[in-house]
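Data first, discussion second: the structure below is written as structure tokens.
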Amino acid sequence: MIDALRRFSHSHEARLLAVVLTLGAVLTTATPSFLTLQNLFDLLTSYAFLGILAAGLLVVLVAGGIDISFTATASVAQYLALSFAKAYGLGWAETFGLAIGTGIACGLLNAWLIESLRISSIIVTIATLNIFYGLLVFVTGGQYIYALPDWFSKGIWWFEFVDADQIPYGVNLQILLLLLAFTATWVLLNRTTIGRQIYALGGNRDAAGRLGFHVFGLNLFVYGYMGFMAGIASLAQAQLAQSVAPTVLVGRELDVLAAVVLGGASLNGGVGTVLGTVLGLALLAVMQNGLVLVGISSYWSQFFVGLVILVSVSSTSLTLRRRAGSAVA
Amino acid sequence: MSHPLTSSKPADTIGQLDKGIAAVEAQPPRIGYVERLRGFGGDGANLRLLVLIAILLAAFGLVIGEQLFSAASLQSMAYQLPELGILSLAMMVTLLSGGINLSVIATANLCALTMAAILTRFVPGSEGAAWVLIQVAALAAGFAVAALIGLVNGFVIAYLRVSPILATLGTMTLVKGISVGTTRGNVISGFPEPIVFIGNGAVLGIPVALLVFAAAALPLAIMLNRTPLGAAIYMIGSNERATRFSGIQTRRVILKVYLISSLLAAVAAIVMMARFNSANASYGESYLLVTILAAVLGGINPMGGFGKVSGLVLALVMLQIISSAFNLLNFSAFLTLAIWGGILIAVAGTTQLRQRLRGG
């Protein structure tokens, strides 16, 4: 136990946790509106979309790949699922099934192209981003969908309770899906054989192949999982926005990548944890939220995000080099 | 930099470098013309692109007819190509060195905003020499901003050893943050005549923007093919460690790569702001991934070490033909995007398959 704690205290996650807690403490003293249930629920709700996608992307990065196309996948999934839901009167299960199925199909296509053509994953997914997105906007004419099924517009509202100021709280669709996504990813990476194999694949692809792991199958699973998360995230976003807009999701893929990378996942594969990703996302969320609460114009929030990314990746690189010792010049 | 390995080595032989320095030393020093000619095709990439362009021209020509080859249509292609073209050159240099520069668009926009701010504040009301000087100073300021961003990128990547994709993801966000923060997302517009002329004017029927593109592409091609720096960039892209052990100061070369990339982004900034007669924090953002697409289509290996400016130019011409033809056919610009993606997979896929068949 003590051993584990000591190991944790030297990890990237521990440093992130310290930064997030410090930032949270500063904000709590600086403004009374930060540490309120309302603010925290709002934060969770508004960052659910990025968070669910980050959970999926984490698995892809751990496996040694990268996916850029998931925002386009999500756009396609949400458009298909919700236009069918309205037209044919589908229920929760069918709608989610359709969105998830579409996501998985796009993910499997990515994996198949990457593995069978042996093109690097970044190139394939840049191409498929353009293909999915281009075809979606071409076919739909870029039209928004405002007419959503009633049950979907209402969403869910579980475990409702009311605080002293009579403000109601509850678990909404976004928070529920976010929790499910992170839990599922944690179980996958830490408690299943496939998870260990994914780490092995990302750590050393050739060795994993020679150990008898089914590399092609693992990649199908990994990109399929990313597509699965894109499908879920797309519905969380559509429910929050109360509309489907085919052109607003694409362009946010690098935000998700930034969150996962801040969380300590390596682009070289084999490294990355769910806790790190959660903390990376929390850092971005708390910082942007804090800037607004403290009264700094939201026009400057991107500047600070960039600063945090640059400082974080630079310091990570420096620590890694120091740890590697003087062996590497 | 006058290392014997790099000083006299044409870029064509660099292709064999990935097996390490020993292989290079075993190379015969002179290259015959036949090999040179074959070298133009690269590993057949340029030849394949030419064939693709010919097929596309024939197919679109049949469907659209003479209109595709009309002067107006050719002119509009020539006006559109340079923006994406120069940005792609900026991306290409970093790809050749085994890196990537995600901050090209953000850099171009901040440069454009810097120049635009100076132009709109000081030019109106000035006359004569001051009128000229202010415009020159504005452009110089743009390049200074670009140089600064390039040096930050280069320093973080070469000296702090941060992976290029992460470092430039950071600077991309940071630089765009500065643009958005200072302008509050607003547009700065209304430039003097000479600046607008760069984007919309023509000399002897040739658009000035196209001339600017040529003025960026040619020196870049010469630098890559004929100078020690160019050779060092290809070598680093093939095998950075081997290059360092061969006595090349790889860090300085990488610093220069990101400096050059940034300066090219500044050139693109001039063309972009001149064409729109305005500057904004988020112009051209959809170009970012398209520059990578164009470069890879042009035979540039995204892992570094291989690729030519000529290939990139051919790829740009091809993308432009598709875009213009679809425009004439009244197809959505988004369909063009999808087709570009499909062609990227087809071209990259066949290249890989051929290499595997040949390599066994």
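Just a few scattered comments:
- Listed by first and then second residue, the pairs with beta-carbon distance under 9 Å, at least 6 apart or on different chains, first residue in the stretch B:344-356 and touching a residue at least 12 places away in the same chain (Cβ under 8 Å) and at the interface with chain A (Cβ under 7 Å from one of its Cβ atoms), second open to solvent by 20 Å² or more (accessible area, probe 1.4 Å) and not in a helix (DSSP H, G or I), are B:Ala348/A:Ser120; B:Ala348/B:Pro302.
- Pairs meeting the criteria (first residue in the stretch A:147-173 and in contact (Cβ under 8 Å) with a residue 60 or more places away in the chain, second residue small (Gly, Ala, Ser) and open to solvent by less than 30 Å² (accessible area, probe 1.4 Å), beta carbons under 7 Å, at least 6 apart or on different chains) are A:Pro149/A:Ala85; A:Phe152/A:Ala85; A:Asn172/A:Gly155; A:Leu173/A:Gly155; A:Leu173/A:Ala236.
- Residue pairs whose Cβ atoms lie under 9 Å apart, separated by 6 or more positions or on different chains, with the first residue in the stretch B:92-112 and within 14 Å of chain A (Cβ to nearest Cβ) and the second among the basic types (Lys, Arg) and part of a loop (DSSP other than H, G, I, E, B), do not occur.
- Among the residues of the stretch B:304-320, those identified as assigned to a helix (DSSP H, G or I) and open to solvent by 10 Å² or more (accessible area, probe 1.4 Å) are B:Val309, B:Ser310, B:Val313, B:Leu314, B:Val317, B:Gln320.
- Boolean, B:Ser70 is farther than 13 Å from B:Gly298 by Cβ, surrounded by fewer than 19 Cβ atoms within 10 Å (Cβ to Cβ) and under 21 Å from the mean Cα position of the chain (by Cα): no
- Of all residues in the stretch A:73-86, those being within 13 Å of chain B (Cβ to nearest Cβ) and either surrounded by fewer than 23 Cβ atoms within 10 Å (Cβ to Cβ) or farther than 18 Å from A:Gly251 by Cα (or both) number 0.
- Scanning the stretch A:103-121 for residues that are in a helix (DSSP H, G or I) and either facing chain B (nearest Cβ under 7 Å) or among the charged types (D, E, K, R) (or both) yields A:Leu113, A:Glu115, A:Leu117.
- Set B:Ala140, B:Ala214, B:Ala202: member being closer than 17 Å to B:Ala279 by Cα, among the aliphatic types (A, V, I, L, M) and more than 10 Å from chain A (Cβ to nearest Cβ): B:Ala140
- Taking the stretch B:39-89 as the range and being within 14 Å of B:Gly307 (Cβ to Cβ) and at pLDDT 80 or above as the test, the residues that pass are B:Asn46, B:Arg48, B:Leu49, B:Ser88, B:Leu89.
- Members of the stretch B:332-343 that are within 7 Å of chain A (Cβ to nearest Cβ) and open to solvent by 40 Å² or more (accessible area, probe 1.4 Å): B:Phe334
- Scanning the stretch B:279-303 for residues that are within 11 Å of another protein chain (Cβ to nearest Cβ) and not in a helix (DSSP H, G or I) turns up B:Ala281, B:Ser282, B:Glu285, B:Ser286, B:Ile300, B:Asn301, B:Pro302, B:Met303.
- Test: residue in the stretch A:50-72 that is surrounded by fewer than 24 Cβ atoms within 10 Å (Cβ to Cβ), under 15 Å from the mean Cα position of the chain (by Cα), at negative phi and part of a helix (DSSP H, G or I): yes
- Every residue from the stretch B:173-183 that is more than 7 Å from every other protein chain (Cβ to nearest Cβ) and open to solvent by 30 Å² or more (accessible area, probe 1.4 Å): B:Thr182
- Only one of A:Gly97, A:Gly101, A:Gly89 that is surrounded by fewer than 23 Cβ atoms within 10 Å (Cβ to Cβ) and on the phi > 0 side of the Ramachandran plot: A:Gly89
- Each residue in the stretch A:294-329 was checked for being under 21 Å from A:Phe49 (Cβ atoms) and either more than 14 Å from every other protein chain (Cβ to nearest Cβ) or within 21 Å of the chain's Cα centre (by Cα) (or both), and 7 of them qualify.
- Single unsatisfied condition, A:Ala258 versus (1) open to solvent by less than 20 Å² (accessible area, probe 1.4 Å); (2) more than 12 Å from chain B (Cβ to nearest Cβ); (3) part of a helix (DSSP H, G or I): (2)
- Just so you know, in the stretch A:285-323 the residues that are touching a residue at least 60 places away in the same chain (Cβ under 8 Å) and hydrophobic (A, V, I, L, M, F, W, C) include one that is surrounded by the most Cβ atoms within 10 Å (Cβ to Cβ), and it is A:Val286.
- Here B:Pro164 does not fit the description of being under 16 Å from B:Met115 (Cβ atoms), in contact (Cβ under 8 Å) with a residue 40 or more places away in the chain and either within 14 Å of chain A (Cβ to nearest Cβ) or open to solvent by 40 Å² or more (accessible area, probe 1.4 Å) (or both).
- Note on the stretch A:261-283: residues that are open to solvent by less than 20 Å² (accessible area, probe 1.4 Å), closer than 18 Å to A:Thr185 by Cβ and assigned to a helix (DSSP H, G or I) amount to 8.
The values are calculated or read from the model by the stated rules, or taken from the named source; none is laboratory data. Just so it is clear, the model here is predicted, and its values are computed rather than measured. With ideal geometry, Cβ positions are generated from the backbone for all residues, glycine too; neighbour counts draw on all protein chains shown. In case anyone asks, the SASA skips ligands and DNA or RNA and just uses the protein heavy atoms, side chains included. Shrake-Rupley method; radii C 1.70, N 1.55, O 1.52, S 1.80 Å.
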